[in-house]
Amino acid sequence: MSNRPSTRNKNKRQRPDNNAEVISELYRKIHLSGEVTKDDIKQLYMFGKPVCNQGCRINTKDNPNCFCGLIPPPNGNRKSGLWQKTSEIVSSLGPDPSKDLRDSFDTPAGLTNLGATCYANSILQFLYMNKPFREAPFIEALALDNGIQQDSHEFLTLLFSLLEQCLSYSKVSKARTVVQDLFRGGVSHVTKCSKCGNQSEASSNVEDFYGVELNVKGLKSLDESLDDYLSVEELQGDNQYFCYSCATRVNATRSIRLQSLPPVLIFQLKRCVFLPNTTTKKKITSAFCFPGEVDMARWLSDQSKSKLIYDLSAVLIHKGSAVNSGHYVAHIKDQDTGLWWEFDDEIVSDMGQHPFGGNSSNVAAKSLQNIPAGQSCFSEPDGVVNGNHVNTSGLHASSPETTSNVQTFSSSDAYMLMYCLRHQTNGHRKAQLGSGGGILKDGNSISLQTDAYLPSHLMKEVNELNKSYLESCQQYKTKKEAKLALIAERRQEVRSVISEASVQSSVESFWWISVDWLRQWADTITPTIIDNTPIQCLHGKVPVSKISSMKRLSAKAWNTISSKYKGGPELGEDDCCIVCLKETACAAVSADSYRDGRTSMRELAEAALAGKCPDGPLYYVSKAWLSQWVRRRNIDSPCEADTGPTASIRCPHGALMPEQAAGARRALIPEILWVFIFNSANEVKPDDTVGCSVFASDSETCSQCCIDLSEVTCMEDNLRDFKLKQRQSHEKLAIGKSIPLFPRNKYYLLPTSWLSKWRCYIMAGGKNASSTAEPDNLNSAIESLKCEQHSRLLRRPPDLMRKRGAILQKAPSVDELTIITENDWTSFCKDWNGIEEKGISAEIDSTNSAEDCLLGTLEEMPITEENVNSLDDANGETESQGPIIKTYPEVCEDCIGERESFELVRKLNYCNEDICICFVRGKEPPKYILEGSANILEPNRRISKRSRRTSYGNSVNLNVSGSTTLYELKMMIWQSFGIVKENQILHKGSKIVDGETATLADMCIFPGDVLWVTDSEIHENRDIAEELSDTKMEVQQSEGGFRGTLLTSNIPPTQVMSQGCFN
């Protein structure tokens, strides 16, 4: 073995260990004299080590005067404990409740998102920031599912319906119809006969609406959407209208007419459309223009000269490209201050005077030029300004009588718009929504006091909650200040004690202290009492062996910490244990003696292993044991490895084992080496008479063991001869060569498993010969192939093929049965206790004349080793239908079918297995992929190691189960290759795998199968997040919407009110 230093230590400078030699001499002196002086104690306990000036990177263990590394440098910190960062210590106290305080009472408050409730938060902010609605006294929990994203418009509609029912029982009369008075308008559907001009009876009916649903697809602005909403539809052809006045089907027109408008007008932008090609929903993300104010008078059915100016007060934004996912935020105008705010759940951002201010997170929004009221924002393309800026340069109004310019905005994510009727003094209309009043349908106004927002008992509860919140803020502040003060005090204390810890002079008194306790004290906010028991010996003093686990602490530092933390025991400079010191000296001298002796004995042992022994008495030891003893590193005392030097060469009879026996090789060593080894072994195991038997060089080997060894050797020779005879008698079977088959010849079938065991047995040699088991009884193996009920064959015969005119077994290595010749069967029965009559015979059935011709040619071919080898190694084409085998007894199809059905069910019931998916670009896959995919169609086919390592180009392994559906598999493929599931054409071999609801087990897809997929590129690409979100909604709710919530429950309003607070 090389003594060269390892790579890790080769560049390190080796420091001379002079101190070790000095200490070794001191121990020898103490051991010989039996006396310990004060100078000896000072040297052994290292009193004279230099005092460190905080220059070490870590604390030095062999210097009791070093206090470095116990605390970090002045600006340093640690991951935990007393010296942790102040910010991390503060964060361990928990969240600071004062951070939830608003910067100003003028800033609106946000709402916490409980999981997927941003749609509800946005709508509630819409309603709360509308002052007349806010003043209506109601509060109710809606039992929403916070794990499912819902549609905000559907939520608003159901919420209005619920509030109408609940508020109708309110004790406040004006609150009973607040929803209707603020948000309800009237609309009629007019059908007019083109022949007589009469309108249908239903045209006079006025239906309520709480929001106007406008188309967005193909439309660019609010004006265009309103014109589309109120456009006239022609009823012609098959869609003609039956006029009761004309008593016949006639052409007609149908349109929507706005009869009345509410004070708060909500426009729902229909951005969700259905795609019939993919049967999915898609969000329209085109830009849409809407003005800061709109005059709705021109869209009313009753054309009034007075204007109905509505001001934009809120915009609901839906972020994200998917329909059933994304995030809702609300941009709302404060009706008191005129400032716009963005409400993103808990986060509320100031956007200034514009709905899409510079700080807005809605990057898809932009402001357009100021344009005259009533003019489309797309009438002047040059007026569009990109970015989140407002262009203050306005255009002149179209009417010379007015000079007011309307600012128009554009957004690709705006989902709902809210407009409030501006204060007017025109006839009976009067509304000022920002002052706590609202216009009613009959012209009356709601005027509620600002201090009547909440009932008295709710106001009391809110005040109590605010008081509790302020108390928690004060408690947190007090706890934080106390914690930081304690840490500052402890840090100052530790630094002060460490600075005074060193013993400066040899005459100064000191105390011993445990390093473990000192570290814990210097790094813990609340340390424990002093514990010096780990450095105390059985005699109650300080042993020299603990010098690396303790420090010399000055009397001043000791008095400071002992007076505060108590504990002990107190161990001073006079508490050095002399008894332990003498025992340590004795052990050190003994260790030196053993090391020196072993070093000198190693040279003799190496010579003995080389066969060089000096004259004189010699003794036997195990050669393997001696080699291990020489290689072992030098230690201080004998160990377990020094025992048993002759255990492996001692026979069970107590004599010397013959050297021919396994593991009984021995070596002769000189007497002096034997004495050293013997004494070392007896020191560890004094009573070991077996492992440390004495065998002199003239000891005789055990006669009985020699006889037994000769018998074993004879048996082994016979076994070798038998195996050689088996290999020679069945040469082709032994090496796995195929045999050519001929019609009209008789063959036999053997289990391939039995033949494999036989082949392993006869081919095993050397050390593996004794460990290789014999094959089972041949008769039992044959009987296991027959069914008990019918005594017929339970396995189908193997398939045959033609190669260059010869008939061969197609896959002998993986078939359950192997075809052998009649001579092989006779020989096997003789050697392996088989019964010839019970064998499974087989004949080759070839009725095709062409095949007979080929067989005739084959029979004329001489059977030589070269011809057979050429048949095995050639890569000839196999015919689609080869010869078949007829067996006796016949195959039992009933039992085989039952067994195969059971096996198929078992194989298909797999879980968490891998299959390979290959992405093929083009119409046809490469041949290696097609072959790799088709080969797996044979369930029992053996896969070679080369095939297992085959890489199929652009492929991926997917973890699936038998219950995985093809839909789930296509989603995995979508995620791996980016092919939308509608474009995926999945193949297994040449067969197309289709049907999304079918499972992999239904399609007979097994673990390890290779499937290939192509991209039809018919349907457009889309984000997989849309499909995943749609799938999640279908799985969780099956488009259930708000089913199960209070919005759609059948609970009577009176019961709802009993749970709420309406008064």
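Kindly check whether there is at least one residue in segment 297-309 that is in a strand (DSSP E or B) and either open to solvent by 30 Å² or more (accessible area, probe 1.4 Å) or of a type in the set (D, E, K, R) (or both). No, there is no match, as no residue in segment 297-309 is in a strand (DSSP E or B) and either open to solvent by 30 Å² or more (accessible area, probe 1.4 Å) or of a type in the set (D, E, K, R) (or both).
Taking the criterion of being modelled with pLDDT of 85 or more, out of contact with any helix residue (DSSP H, G or I) (no Cβ under 8 Å at 6 or more places or on another chain), surrounded by 17 or more Cβ atoms within 10 Å (Cβ to Cβ) and of a type outside the set (S, T, N, Q), would at least one residue in segment 1014-1027 satisfy it?
Just the residues of segment 1014-1027 that are modelled with pLDDT of 85 or more, to begin with: 1014-1015.
Add one more test, that the residue is out of contact with any helix residue (DSSP H, G or I) (no Cβ under 8 Å at 6 or more places or on another chain), and what stays is 1014.
Within this subset, residues satisfying the condition of being surrounded by 17 or more Cβ atoms within 10 Å (Cβ to Cβ) are 1014.
Then drop every residue that is not of a type outside the set (S, T, N, Q), which leaves none.
No - not one qualifying residue is present in segment 1014-1027.
Mind checking which residues of segment 265-303 are without any contact (Cβ under 8 Å) to a residue 24 or more places away in the chain and among the hydrophobic types (A, V, I, L, M, F, W, C)?
To start, the set of residues in segment 265-303 that are without any contact (Cβ under 8 Å) to a residue 24 or more places away in the chain comprises 274-276, 279, 297, 303.
Those that are without any contact (Cβ under 8 Å) to a residue 24 or more places away in the chain and among the hydrophobic types (A, V, I, L, M, F, W, C): Phe274, Leu275, Ala297.
Check segment 559-571 and report whether any residue there is in contact (Cβ under 8 Å) with a residue 24 or more places away in the chain and in contact with a Pro (Cβ under 7 Å, 6 or more places away or on another chain). Yes, segment 559-571 contains a residue that is in contact (Cβ under 8 Å) with a residue 24 or more places away in the chain and in contact with a Pro (Cβ under 7 Å, 6 or more places away or on another chain). Of everything in segment 783-825 that is assigned to a loop (DSSP other than H, G, I, E, B) and without any contact (Cβ under 8 Å) to a residue 40 or more places away in the chain, the residue that is surrounded by the most Cβ atoms within 10 Å (Cβ to Cβ) is Ser784. Taken over segment 826-850, the criterion of being open to solvent by less than 80 Å² (accessible area, probe 1.4 Å) and touching a strand residue (DSSP E or B) at 6+ places or on another chain (Cβ under 6 Å) is satisfied by Gly839, Ile840, Ser841, Ala842, Ile844, Asp845.
For segment 329-339, how many residues are open to solvent by 10 Å² or more (accessible area, probe 1.4 Å) and either in contact (Cβ under 8 Å) with a residue 60 or more places away in the chain or in a strand (DSSP E or B) (or both)? Walk me through how you get there before you give the answer.
Initially, segment 329-339 is screened for residues open to solvent by 10 Å² or more (accessible area, probe 1.4 Å), giving 333-339.
The next check asks that each one be either in contact (Cβ under 8 Å) with a residue 60 or more places away in the chain or in a strand (DSSP E or B) (or both); those that pass are 333-337.
Selection size over segment 329-339: 5.
Among the residues making up segment 686-703, those that are open to solvent by 50 Å² or more (accessible area, probe 1.4 Å) and more than 10 Å from Pro658 (Cβ to Cβ) are Pro686, Asp687, Thr689, Val690, Val694, Ser697, Asp698, Glu700. Every test in (1) modelled with pLDDT of 85 or more; (2) more than 30 Å from Ser313 (Cα to Cα) is passed by Arg271 save one, and that test is (2). Before we move on, is Lys192 in a strand (DSSP E or B), basic (Lys, Arg), at pLDDT below 90 and open to solvent by 40 Å² or more (accessible area, probe 1.4 Å)? Judged against the criteria, Lys192 is a match.
For the subset of segment 753-771 comprising residues that are in a loop (DSSP other than H, G, I, E, B) and open to solvent by less than 40 Å² (accessible area, probe 1.4 Å), which member is modelled with the lowest pLDDT? Break it down into steps so the answer makes sense when it comes.
Applying the first criterion (in a loop (DSSP other than H, G, I, E, B)) to segment 753-771 yields 764-765, 769-771.
Filter once more, so that each one left must be open to solvent by less than 40 Å² (accessible area, probe 1.4 Å): 764, 769.
Values: Ala764: 85, Ala769: 73.
Checking each candidate, the answer is Ala769.
Pairs meeting the criteria (first residue in segment 166-188 and without any contact (Cβ under 8 Å) to a residue 24 or more places away in the chain and open to solvent by 30 Å² or more (accessible area, probe 1.4 Å), second residue in a loop (DSSP other than H, G, I, E, B) and among the polar types (S, T, N, Q), beta carbons under 6 Å, at least 6 apart or on different chains) are Arg176/Ser168; Arg176/Ser170.
Go over the candidates Arg727, Arg744 one by one and state the one that is at positive phi and surrounded by fewer than 16 Cβ atoms within 10 Å (Cβ to Cβ). Reasoning before the result, please.
On the way: Arg727 fails: at positive phi.
The match here is Arg744.
Helices (runs of 4 or more DSSP H) wholly in segment 870-987 with at least 3 residues that are at pLDDT 75 or above - which ones?
Numbers: elements: 893-908, 927-935, 945-948, 966-977.
Where helices (runs of 4 or more DSSP H) fall fully within segment 870-987 and carry at least 3 residues being at pLDDT 75 or above, they are 893-908, 966-977.
Evaluating Ala485 against the criteria (1) in contact (Cβ under 8 Å) with a residue 12 or more places away in the chain; (2) under 44 Å from the mean Cα position of the chain (by Cα) leaves one unmet condition, (1).
If you take the residues in segment 73-104 that are modelled with pLDDT under 85 and of a type outside the set (S, T, N, Q), which one is least open to solvent (accessible area, probe 1.4 Å)?
To start, the set of residues in segment 73-104 that are modelled with pLDDT under 85 comprises 73-76, 98-104.
If we keep only those that are of a type outside the set (S, T, N, Q) too, we end up with 73-74, 76, 99-103.
Details: Pro73: 84, Pro74: 111, Gly76: 29, Lys99: 162, Asp100: 120, Leu101: 88, Arg102: 114, Asp103: 156 Å².
The qualifying residue least open to solvent (accessible area, probe 1.4 Å) is Gly76.
The values are calculated or read from the model by the stated rules, or taken from the named source; none is laboratory data. These numbers were taken from a predicted model, which means no experiment stands behind them. Cβ atoms come from the backbone with ideal geometry, glycine included; neighbour counts cover every protein chain shown. Side chains included, ligands, DNA and RNA excluded: accessible areas come from the protein's heavy atoms. Shrake-Rupley method; radii C 1.70, N 1.55, O 1.52, S 1.80 Å.
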